[in-house]
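Here the structure is laid out as structure tokens; the discussion comes afterwards.
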Amino acid sequence: MAQEGSGSRSPYKVTGINLKAMPLGEADVILTVLTPERGLMRVVASGARKPKSKIGGRSRLFVVNQLLIRPGRNLDRIGQAELVVSYPGLSRDLGRLAAAQYWSELVLSQALSEQPQSELFDTLLEHLQRLDSLAIAPNFQERVASLLALLCHGIYHLLRVAGVAPQVKSCGLTQQPVVIGEDSQWRIGFSAAIGGVVTLDALDRASPAMLAGHGVQVPELEGDGSGANGGDTGEGARLNPRTKAKFMPRSLTAREVTLLQSLASPKGEHAEHTDRISSPSQDSRPESPQDFIAWVQIERTLRHYAQYHLGKGIRSATLIDTYTQTRP
């Protein structure tokens, strides 16, 4: 199907970031480009794979161009490409490149075609800029914690743009603010199905009727035998252990939920917090083993949540796993 604009046969201009590239024929490339003006587009970069092609460098991933698009019969083609910004730091480190690809997959899972996507475009570029300028710390745990902190900030805010960001400051069942305990054994649950954090007490008291109010259907019940499947479907019913494990497969420590809550701060505070935790020159850098482990767990929690709500796996997460497990 032709891109918007092909009906009028008039060239048009957009600003776009390259998110995906696929070879076409002997020398061309089909680029999947996110634009603030027209959303997600697939366009042909003619001759981009030729050794001396002028457009070759501008067809690389995560390069932002001002594009003149010429409508085509099946796919529109790039007539001119003027470089706006690139992020050379992404290719200097496996972790940064994997994080950028991770965000790209999230964007591709939610972006719409032929509709303005300015907020999604701006959010992605904001986080790519921070990732590109991230200094690589010599300490392994510090380096991984800093990268994962930035990655998780990006994941959370891309999910926010999609309208499915997890609830992190109040219990998803009771809507009461989460009070973080000082006990080292304190834990809170996290459920993708329920939509974020949930206190263990609330889950213990949860009934199928309460979960149904959150759009969660529970076929396995415990009760007095008056309901379907031998269970009670009313407020007196309780979840059996297997069902609880299904809806709350993860639990978070006090430190992990504190860091998770920091992702939801207002934009200004979020930027300040990101800059602070990602700069190895600061005294507050996340170099402790506890923060290293915490950010690993938070990323995996958000990964599961994103895959659940976007309905698609994140292939680049495998590269993140490799990065966090490979010491120099």
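The values are calculated or read from the model by the stated rules, or taken from the named source; none is laboratory data. Here the structure is a predicted model, which means the values were calculated and not measured. FYI the Cβ positions are ideal-geometry reconstructions off the backbone, even for glycines, and counts take in every protein chain you see.
Here is how the numbers come out for the structure above:
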item	result
Selected residue (criterion: farthest from the chain's Cα centre (by Cα)) from residues of segment 74-130 that are among the hydrophobic types (A, V, I, L, M, F, W, C) and loosely packed, with under 15 Cβ neighbours inside 10 Å	83
In segment 46-66, the residues that are closer than 28 Å to residue 99 by Cβ and of a type in the set (Gly, Ala, Ser)	48, 56, 57, 59
Strands (runs of 3 or more DSSP E) completely within segment 26-80 that count 3 or more residues being among the polar types (S, T, N, Q), closer than 17 Å to residue 14 by Cβ and in the same structural domain as residue 111 (by TED's automatic domain parsing)	none
Residue check for residue 154: within 24 Å of residue 106 (Cα to Cα), free of Cβ contacts under 8 Å to residues at least 12 places away in the same chain and either outside the structural domain of residue 121 (by TED's automatic domain parsing) or among the small types (Gly, Ala, Ser) (or both)	no
Where residue 83 falls short, out of the listed (1) at negative phi; (2) in a loop (DSSP other than H, G, I, E, B)	(2)
Helices (runs of 4 or more DSSP H) (entirely within segment 89-187) containing at least 3 residues that are under 19 Å from residue 252 (Cβ atoms) and modelled with pLDDT of 95 or more	140-162
Some residue of segment 56-63 being farther than 30 Å from residue 136 by Cα, surrounded by 17 or more Cβ atoms within 10 Å (Cβ to Cβ) and not small (Gly, Ala, Ser)	no
Residue count, segment 7-18 (criterion: outside any loop (DSSP other than H, G, I, E, B) and farther than 16 Å from residue 118 by Cβ)	2
